[in-house]
Amino acid sequence: MDAITKRTEDAKSFSFKELGDALVEFFSSLKLAIFLMITLAILSTVGTVIQQGERPEVYIKEYGENVYWWFVKLGFVDIYHTWYFSTVLVLLCINSLTCFHQRFPAIWRSIRQDKVNVTAAFIQNLKRSATVDLPAERSKVAEALGVAFAERGYRVLVNKGGTETTLYATKGIMGRVSAHVAHLSVTVIVAGGLLGNILGFRDFGVCLEGETYHVPQGNFDLHVDKFWIDYYDNGAVKSYNSTLTVIENGEKQVTKTITVNDPLVHKGIWFYQSSYGDSWDRVEKARIVVRDKATDKVVGEAILDWRKEAELKNLGLKLQLTDFVADFGFDAKDRRVYSKTVEHENPAIKLAITESDRQLAAPWIFYNYPDLFEIQGSKYKFELTGYLTKKFTGLQIAKDPGVIIVWIGSTLLVVGVMLSALIFHRRVWAKVVSERHGVTVYLGGTAYKGQIDFDREFQRLSEQLKTLRQSTA
Amino acid sequence: MFRSLFLFDVTFWLYLAAVVLYFGYLVASKKALRPAYAGHPVSSEEDDGWAQPLGQLATWVTFFGLLVNGLALGMRAYERMQLSGTFAPWSNQFEAMSYVSFAIIAGYLFLELKYGIKAVGAFVVSVGFIAMGAASLLPYRYQVAEPLVPALNSYWIYIHVSITLTSYAAFAMAGGLGVMYLLKERAESRGRRGTIYDTFPSLEKIDELGYKSVMIGFPLLAFGVILGAMWANYAWGGYWSWDPKETWSLIVWLIYGAYIHARMNRGWEGHRAALYQVFGFGMVIFCFWGVNFLLSGLHAYA
């Protein structure tokens, strides 16, 4: 009874260990790494072929309603944020971490201690090997070999026996260490990205010169002092710039002129010069042409500044430009005028008219339809013949506390990949065996990567070994 | 503007001449190989015939082409400086292509100097020539140096773009070597002797050189993409926005990452690796050209 229980327990614990080993084996496997990288590449490709994060109409127009339904189901319209994309990323992290856990300790150990004593048969079985008989003294040959290795930057370990001396030479182990540094960096980068997603934010602000905006995330205010555009000689836009001032508790903190590649940073919040455009709810100036209703002749013209009264004395008129919409729309429910889009499709201004000291109605005047309404009680017709748009500055406002971690991970990645591509781990063994005629040298080596260069190096080493015949004899 | 365009033209013709000479070299060496016995090619000085001088000439013409290419880029940099105060001679598709061909040819000459194998020239210089040719086929408005749009007007353009393009050049070399491997392998499997393929280096060597090229391109691309992310963090308000171009660079990087890992297993040397190198280069071409012309995104400046 006891024996049986014991045996099953044994079997159980054994199988658990086996399962664990199998799992580690699976997660650290090269095959999984390759599979995950290719999967990630394919998923990313899908994301570039199908436009991401568009409005439904765009997809329906291009692919039809059925296909769009499938796109939504499969997450293709925002593939980089789907559960399966994240899963692949997480698996890639697990994969590289398990690989590190599985393989790094052995590499670390071999930096400190290595297999020096090997048999002649082991050396002859290596990918590159040579056997040379020399009529020379064992100690001299061993010394010459040691020098030859050291000259090439190898670290040499020697083991002297009764009739044989074994030399072990190695270099470039850092190449393998750095490959694992690169593996770790993947997780660091993903962690940084995740942190940024959780704690960071990204916003977009349409801001006007002279206005102050509250930034709730940083609990301070932002004043736009100035916005302007620089042009090249040929008229192309060279840069656009905004001068911003951070105001905290009523005090000016920083003033900086930002431009496309030069953001303002305050309290971890970044303000980017992202875009610019024409405002849809105000203009700088507007030009009004006044006609006499009876004769239809132009009797006056005025250039009106935004919300400033202008007087046309000879006509007894006072005009004020009070409102503007770029794409006239009327909300019947709220009885409110608004701009349907940000495009200047159907621009209109609201004009407050005072004629002979009598306040008339403030009509909407349309740029595209000059003769739409007749203004009651006025001798004149008013036409909007042009306006100067007010530019807005588009600011991207972002905070990403994960970014520093991403940079650390990126540095590790680049350094790791670079070193592991440049430094190849090489190991060479030489066994010098005393014989009657002198010595027999077994020389053999392997390279982890970079076979051609190692071939050449090994070739030179074995040639150098043969020349020892003359020099030491 | 016209000075640099003229120099780019001269580069094109020089590379064409170099390609012809390298192929001539191959054919001449094949003739030199013919009298050899029992499949042991012996190439002694007398047997060489035309091969030796042709090979020398090819190398010199290539070198001269590289000089003119460099000069053209320098001239373009000067013209840009005059025009807009930034000099990076890789600021549009045309200039980028010219720079890539410069990097390919420079890489090849380094290879020839180090390993002394001219036969590779016929393939790798061809890739460089095709890059230059494709550039000169671009419409004129793509070839001239327009002033930079605001987003590109930054010192990041010097380092991010040049490093990424250099990595493309390394992948191009790997692609050319892959084609070479496949051709030689096919000739060998059919047991054909006395063809130009005999002048190629051994399969093993081509394979290893291809791998080396990828090992140069891979870290450079990683560096280039990360520099791009840093730039984006300054210009676009975020280091990663899944813009098609950056996503495609990541895709290419992952593809070569898979290749490098696959090579850890013995089975992925030789034939498969060569095929994969060609495939990978196809992906690079798409990343470089296809994305600009087929997909829209933040990188669509050219």
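To make sure I understand the rule: partners must be aspartates and glutamates, Cα under 14 Å from the Cα of residue A:308, and not fewer than 8 residues away in the same chain. Which ones qualify? Those aspartates and glutamates meeting the cut-off are A:284, A:323.
Suppose every K and R has +1 on its Cβ and every D and E has -1 on its Cβ; what is the size of the dipole of the protein assembly as shown about the Cα centre, in Debye to the nearest 20? Write out the running numbers ahead of the final one.
Details: 77 positive and 71 negative charges, 506 e Å.
The calculated dipole for the protein assembly as shown is roughly 2420 debye.
Can you give the average number of partner chain beta-carbon atoms within 10 Å of each beta-carbon in peptide A:234-241, as a whole number? Can you show the working numbers first?
On the way: counts 4, 1, 6, 4, 7, 5, 1, 1.
That works out to 4 on average.
Peptide A:371-384 shows a mean partner chain C-beta count of 0 within 10 Å per residue C-beta. If you take the Cα centroid of the stretch A:332-353 and the Cα centroid of the stretch B:116-188, the two points sit 54 Å apart. Partner lysines whose Cα lies under 19 Å from the Cα of residue A:140, excluding those fewer than 8 positions away in the same chain, are identified as A:160, A:431, A:466. Each listed q (0.09, 0.15, 0.16 Å⁻¹) maps to a log10 I(q)/I(0) for the stretch A:78-212, found by the Debye formula over equal Cα scatterers with no solvent: -0.54, -0.90, -0.96.
Taking every residue in B:244-252, how many Cβ atoms of other protein chains lie within 10 Å of its Cβ, on average? Provide the component values of the computation, followed by the final result.
On the way: counts 7, 1, 2, 7, 4, 0, 4, 10, 1.
Mean shielding by partner chains, rounded to a whole number: 4.
Would you please give the FRET efficiency between residue B:63 and residue A:422, computed as 1/(1 + (r/R0)^6) with r the Cβ-Cβ distance and R0 = 30 Å, to the nearest 0.05? Write down the numbers at each step before the final one.
Numbers: r = 26 Å, r/R0 = 0.87.
Efficiency, rounded to the nearest 0.05: 0.70.
Stretch residue A:63-residue A:211 to full length: gain in nm at 0.36 nm per residue minus the Cα-Cα span?
On the way: separation 148, 0.36 × 148 = 53.28 nm, distance 4.36 nm.
Fully extending the segment from residue A:63 to residue A:211 adds 48.9 nm.
Span-like helix check, chain A: qualifying full DSSP H segments, with Cα axial length of 24 Å or more and mean Kyte-Doolittle of 0.5 or more, are A:30-49, A:83-112, A:173-199, A:403-422.
Considering only alpha-carbon pairs that sit under 8 angstrom and 6 or more positions apart, the relative contact order computed for the stretch A:280-389 is 30 percent. Normalised by 2.2 N^0.38 Å, with N the number of residues, the alpha-carbon radius of gyration of the protein assembly as shown equals 1.30.
Calculate, for residue A:459 and residue A:117, the FRET efficiency according to 1/(1 + (r/R0)^6) with r their C-beta to C-beta distance and R0 41 Å; round to the nearest 0.05. Plugging the Cβ-Cβ distance into 1/(1 + (r/R0)^6) gives 0.95.
Would you mind checking the tilt of helix B:244-262 against the longest principal axis of the Cα atoms of chain B, expressed as 0 to 90 degrees and rounded to 10? Relative to chain B, helix B:244-262 is tipped by roughly 30 degrees. Taking 13 Å as the straight-line reach from the Cα of residue A:17, the aspartates and glutamates in range (excluding those fewer than 8 positions away in the same chain) are A:9, A:25.
Each 10 Å bin from zero holds the following percent of Cα-Cα pairs in the stretch A:2-104: 14, 28, 20, 17, 12, 6, 3, 0. Which of A:297/A:390; A:256/A:399; A:285/A:333; A:238/B:245; A:285/A:391 have a Cα-Cα distance over 21 Å? Result: A:297/A:390; A:285/A:333; A:238/B:245 exceed 21 Å.
Rounded to the nearest angstrom and ordered from largest down, what semi-axes does the equivalent ellipsoid of the stretch A:66-113 get from its C-alpha gyration tensor (root of 5λ)? Working shown, then result.
Working: eigenvalues 353, 7, 7 Å².
For the stretch A:66-113, the semi-axes come out at 42, 6, 6 Å.
By the Cα gyration tensor, chain B has an equivalent ellipsoid whose semi-axes, rounded to whole angstrom, run 36, 24, 13 from largest to smallest.
What does the charge dipole of the stretch A:280-389 about its Cα centre add up to, to the nearest 20 debye, if the Cβ of each Lys and Arg holds +1 and the Cβ of each Asp and Glu holds -1?
Values: 18 positive and 19 negative charges, 55 e Å.
With only Lys, Arg, Asp and Glu charged at Cβ, the dipole is about 260 debye.
Between the C-alpha center of the stretch B:68-103 and that of the stretch A:207-281 there is a gap of 33 Å.
Mean projection of the Cα convex hull over all viewing directions, computed for the stretch A:280-389: 6.7 nm². At an R0 of 41 angstrom, the distance between the Cβ atoms of residue A:158 and residue A:101 translates into a FRET efficiency of 0.75. Our note on the geometry: Cα centres of the stretch A:50-83 and the stretch A:394-473, 49 Å apart. With respect to chain B, whose longest principal axis is taken over its alpha-carbon atoms, helix B:156-189 is tilted by about 20°. Take chain B, connect every pair of alpha-carbon atoms lying under 10 Å apart with a spring to form a Gaussian network, then pick out the residue of B:11, B:199, B:247 with the largest mean-square fluctuation. For chain B, modelled as a Gaussian network with Cα springs under 10 Å, the answer is B:247.
No value in this document is a laboratory result; all are computed from the given coordinates. Treat the numbers as computed from the prediction; the structure is a model and nothing was measured. Positions of Cβ are generated from backbone atoms using ideal geometry, with glycine treated the same way; all protein chains shown enter the neighbour counts.
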